[in-house]
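The structure under discussion appears below in the form of structure tokens.
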Amino acid sequence: MSAIHTHLLGTGSHLPSRRLSNADLVAQLAREGLETSDDWIVERTGIRARHFVEPGVTTSDLALQSSLNALQAAGLGPQDIDLIIVATSTPDMVFPSTACILQRKLSESSEQAKGILGAAAFDVQAVCAGFIYALGVADAMLRAGSARRALVVGAEVFSRLLDFSDRTTCVLFGDGAGAVVLEANDQPGGILATEMRADGRYVDILCVPGHVQNGTILGDPVLKMEGQAVFKLAVGVLEETALNVLAKAGLQKTDIDWLVPHQANIRIIQSTARKLGLPMDKVVLTVQDHGNTSAASIPLALDSAVRSGHIRRGQRLMLEGVGGGFTWGAALVQY
Ligand code: UT7
């Protein structure tokens, strides 16, 4: 029997229409008495703009648009999917999963789309490494024969978790969604290797510590981050995980055509690229336009480079992410 491989059939993404440049955000924060500047944000992070949802727009709304775009790119419809995984830390509800809500919305998109009902659907919560985790889980399920075609989405409305009185975090994040359609078949290539890692000792350095209890929110339901601690851990683990997946696939650094990293900070991305011996023109960069969109950042970056024609069929892509938990991981993909 020939081996089964997981292939990327199509990519899609979606950004909310409300775009805030650094100047817009600086002006908004100044009205609240908070001092920051375009210079500081650009120099320390590389971010120049981010998108925020309008009131009433939810993660599943963004996930729906990115999924429809990815399905269209794959030449498929919702009825062709038998597994839905949504990576998010900003679900529409405590439960059911955003993946189930997305399934309902997709099923309502056309008469044939009802065929998606019955597909397995669940969320993955690994914060900014969420898309890597979701991709790894989908790949394992497809290769095990649990499903044939998967929709894997990273979608977030991080703007709703931000404390707009904390300048050290509120300038960093944005909202958005990205999606890929995967298919299991016996053609060589596709997802070559994945790795998912976590170290729970670092739960407190990046977290939203609030929770719901008996109808009340207990604790602080806004994002807290020890930026420098996260930065130091991130640069270490991102190199290690990339080398691990290269070794698993029996490949070298020089076999990477594109680095598609989590878009949190351009300095982390530059450091990772340097360690992997990749010039910056081999790195997909969207942090300047999107900010940090957590689980959505990698599929948003991937889709932008595919649609602009930079990433081409057959090229090898190193996707990697790191986030709260502490979680991190990578996926090496032949597109
Ligand atoms: O997606 C999950 C992974 N997350 C990340 O990868 C984030 C990792 N961390 C980072 O990207 C960086 O640590 C930050 C961008 C968050 C911060 O950059 P930094 O170079 O580590 O700055 P810092 O925290 O050392 O702060 C430097 C100075 C401080 O002032 P003093 O103490 O030197 O006087 C801060 O108070 O910058 C000040 N500062 C600001 N100034 C203007 C902090 N935030 C701001 C701000 N505007 N928004």
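Averaged across orientations, what area in nm² does the convex hull of the alpha carbons in the chain project?
The number I arrive at for the chain is 16.9 nm².
If each residue of separation counts as 0.36 nm, what is the full-extension length gain between D166 and S308 once their alpha-carbon separation is subtracted?
Difference between extended and current length: 47.6 nm.
For the chain, modelled as a Gaussian network with Cα springs under 10 Å, which listed residue fluctuates most, L25, L62, L182?
L25
Could you give the DSSP H helices of the chain that reach 27 angstrom or more along their long axis (alpha carbon positions) and whose average Kyte-Doolittle hydropathy is no lower than 0.5?
Correct list, ordered by number: 227-249.
Sort all Cα-Cα distances of region 5-187 into consecutive 10 angstrom bins from zero, then give the percent of pairs in each bin up to the one containing the longest distance.
It works out to 10, 35, 29, 16, 8, 1, in whole percents.
Explain nothing, just the number: relative contact order of the chain, from Cα pairs under 8 Å at least 6 residues apart, as a whole percent.
Averaging sequence separation for qualifying contacts and normalising by length gives 25 percent for the chain.
Once you have the Cα-Cα distance between V212 and E239, take 0.36 nm times their residue separation minus that, and quote the gain in nm to one decimal.
6.0 nm
Suppose the chain between D281 and A229 were pulled fully straight at 0.36 nm per residue; how much longer would it get relative to their current alpha carbon spacing?
15.9 nm
Rounded to whole Å and sorted largest first, what semi-axes of the equivalent ellipsoid does the C-alpha gyration tensor of region 203-335 yield via the square root of 5 times each eigenvalue?
With the √(5λ) rule applied to region 203-335, the semi-axes are 30, 16, 13 Å.
Rank by packing, highest mean first: peptides 132-138, 329-335, 188-194, with packing defined as the count of other Cβ atoms within 10 Å averaged across residues.
132-138, 329-335, 188-194
FYI, it's all coordinate maths here, none of it is from the lab. Just so you know, these numbers come straight off a predicted model, no measurement behind them. Neighbour counts are summed over all protein chains in view; Cβ atoms, including those assigned to glycine, are modelled from backbone coordinates with ideal geometry.
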